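Here the structure is laid out as structure tokens; the discussion comes afterwards.
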Amino acid sequence: MFSELKFTEAQILDYCNSVTPEAVAGSLEKFRCGYFDLLNLISPAAAGQVAAMRKRATAARRRYYGKTVSVYAPLYISNTCVNSCKYCDFNVHHQAKRRILTLDEIRLEAGAVRETGIDSLLIVAGEDPKHMTVDFLCETGRMLRKLFSCLALEVAPQDEADYRRLFAAGYEGLTCFQETYDQVLYRELHPAGPKSDYDYRVWTQLRAGKAGFRTLGMAFLLGLADWRPEAANLAAHAIYLMRECFQSKIQFAFPRITPVSEGFQPASPVGDAELEQLMLAFRIVFPECGITVSTREAPDFRDMIVQSCADNMSAGSRVTPGGYAVLAEHDAAQFTLNDSRSPAAVYAAIRRNGQEAVFKNWDSRI
Ligand code: SF4
């Protein structure tokens, strides 16, 4: 439970199950939706009105983002991790080849990404305080900001003072998935390591926002728990951040669990129709916020959802350190990719949909 949310998971489910088709239609007619409209739109009753939701979301998306789709790539710089997340192949107990890229290797990887036209880079690393230090991340940022107009981070949560240093080094986006807002389940899935501290993780975006980060990425991992209470918690968390960090932009993602080698089975899998309903609801209620569609999704789903909801997508992603240029073979990926298209194929699909791939919509170097 997000601590500022005053309702329990059971109360949220009771509310969602009591929503009528008329209440859903009422939410869709509003010019500006609020928290309870989100609950209406993720309710079982709204599943019968997805066509109307799609129309409303497409209009909202068009109003804020036009026909543009921002593209970016993740760059994994390490797969060492001291945490024991049960759903991830980077966890400390998993027998896998570990690799921490050197600055020269990172430069090589980044150069290969830049050649594809990508100008926005997300630096990803496992949580490894001994090797993946703030000093190293700052050095990496100072090097990469010369190549890319936009740099974001998805690494171990840091204190506000360290976020200030990272921001000064060139990073302006911060992503941290809460994984689950169910604190009992959170403890079960994260039994050891720094990530077992739910509270420290849940306030990550707040610390980054106070330190000046321009975009704050957030998500829960779909499949771990019932998606409706998780979505309600994510929305409450976002509303809180919008108030406290009003100068930052919220960027939502909706990653579904994909198979990992140790065979973790999601307790509450989310189907395509439910995922679409969820994303439509967030686009309608939070029209100004960014929405990223993950490479965990198949090409057909990505090409469809990028027209009605998502404004941001990765292209040609590799989720192995060294996967773009350094390695001949790809090992120890964090999760399974379902869209293996090249960047050029992704850009072509965006054009086929009558949209335009945007490589640069911000330049922190100016
Ligand atoms: S999810 Fe992140 S923190 Fe957890 S084991 Fe994987 S890389 Fe480490």
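Every number here is computed from the coordinates shown, using simple stated rules; none is lab data. What you see is a predicted model; the values in this text were computed from it and never measured. Cβ coordinates were reconstructed from backbone atoms using ideal geometry, including for glycine residues, and neighbour counts include every protein chain displayed.
So for the chain: antiparallel DSSP bridges make up what percent, rounded to the nearest 5?
Details: 1 of 35 bridges.
Around 5 percent antiparallel, to the nearest 5.
In whole Å, how far is the Cα centre of region 43-61 from that of region 161-176?
36
Would you kindly calculate the translational diffusion coefficient of region 70-156, applying Stokes-Einstein with the Kirkwood radius from alpha carbon pairs, for 37 °C and a viscosity of 0.692 mPa s, and quote it in µm² s⁻¹ without decimals?
In µm²/s, the coefficient is 243.
Which of rounded, prolate or oblate describes region 208-366 when judged by the alpha-carbon gyration tensor and an a/c cut-off of 1.5?
Values: a/c = 1.38, a/b = 1.14, b/c = 1.21.
It comes out rounded by the Cα gyration axes.
Once whole DSSP H runs in the chain are found, which of them have Cα atoms spread over 30 Å or more along the helix axis and a mean Kyte-Doolittle score of at least -0.5? Working shown, then result.
Working: long enough: none.
Helices meeting the span and hydropathy rule in the chain: none at all.
Give the shape of region 131-239 as rounded, prolate or oblate, defined through the alpha-carbon gyration tensor: a ≥ b ≥ c are the square roots of its eigenvalues, a/c under 1.5 means rounded, and otherwise the shape is prolate if a/b is larger than b/c and oblate if not.
prolate
At 7 Å along the Cα-to-beta-carbon direction for both R142 and N361, put a label point, then send me their distance in nm to one decimal.
Output for this residue pair reads 3.1 nm.
Which chymotrypsin sites (Phe, Trp or Tyr not before Pro) from region 149-235 combine a DSSP loop assignment with at most 11 other Cβ atoms within 10 Å?
Answer by residue number: there is no such site.
Once you have a ≥ b ≥ c as the square roots of the Cα gyration tensor eigenvalues for region 1-89, tell me rounded if a/c is under 1.5, and otherwise prolate or oblate according to whether a/b is larger than b/c. Display every interim value, and only then the final one.
Numbers: a/c = 2.68, a/b = 1.33, b/c = 2.02.
It comes out oblate by the Cα gyration axes.
Obtain the nm distance between the two label points defined at A192 and F36 by a simple spin-label model: each point lies 7 Å from its Cα along the Cα-to-C-beta direction.
Reported label-point gap for A192 and F36 is 4.7 nm.
Using unit Cβ charges (K, R positive; D, E negative) and no other charged atoms, how large, in debye to the nearest 20, is the dipole of the chain about its Cα centre? Can you show the working numbers first?
Values: 41 positive and 43 negative charges, 238 e Å.
It works out to roughly 1140 debye.
Amide H of F90: which non-local residues (sequence gap of 5 or more, or other chain) have their own amide H closer than 5 Å, using H built in the peptide plane?
Hits under the 5 Å cutoff: none.
What number results when the radius of gyration of region 1-156, computed over Cα atoms, is divided by 2.2 N^0.38 Å? Don't skip to the end; give the middle numbers.
Numbers: Rg = 22.0 Å, N = 156, 2.2 N^0.38 = 15.0 Å.
My calculation over the Cα atoms of region 1-156 gives 1.47.
For region 181-248, what's the radius of gyration and Dmax over Cα atoms, in angstrom?
Just the Cα atoms of region 181-248 yield Rg and Dmax of 12.8, 35 Å.
Show that you can apply the helix-only estimate: for the chain, add -39,500 (n - 2.57) for every DSSP H stretch of four or more residues, divide by all residues, and state [θ] at 222 nm to the nearest 500.
Working: 14 runs with 145 residues, N = 366.
Dividing the helical sum by the residues of the chain leaves -12000 deg cm²/dmol.
Enumerate lysine pairs in region 14-109 that are 8 or more residues apart or on different chains, then count those whose Cα atoms are under 26 Å apart.
Working: K30/K55; K30/K67; K55/K67; K86/K97.
Lysine pairs, 8 or more places apart or on different chains, close enough: 4.
If we count GluC sites (Glu not before Pro) as exposed when they sit in a DSSP loop and have at most 15 other beta carbons within 10 Å, what is the longest stretch of the chain that avoids them all? Intermediate values should be presented prior to the final figure.
Numbers: sites that count: E4, E115, E262, E288, E329.
Longest gap between qualifying sites, sites excluded: 116-261.
Using alpha carbons only, what's the Rg to Rh ratio of region 11-58 with Rh from Kirkwood?
Values: Rg = 9.9 Å, Rh = 10.6 Å.
Using Cα coordinates only, the ratio equals 0.94.
Cα-Cα over 22 Å: which of K146/K195; K130/K210; K6/K210; K249/K360; K130/K360; K130/K249?
Working: K146/K195 32 Å; K130/K210 25 Å; K6/K210 24 Å; K249/K360 16 Å; K130/K360 34 Å; K130/K249 31 Å.
From K146/K195; K130/K210; K6/K210; K249/K360; K130/K360; K130/K249, over 22 Å: K146/K195; K130/K210; K6/K210; K130/K360; K130/K249.
Compute the convex hull volume of the Cα atoms of the chain, divide it by the residue count, and report the result per residue in Å³ as a whole number.
Values: hull volume 45.4 nm³, N = 366.
Taking the convex hull of the Cα positions in the chain, it is 124 Å³ per residue.
Using a cut-off of 11 Å between beta-carbons, work out the net charge of the residues near A208 (Lys and Arg +1, Asp and Glu -1, A208 not included).
Numbers: positive: R164, R207, K210, R214; negative: D159, E160, D162, E172.
Local net charge: 0.
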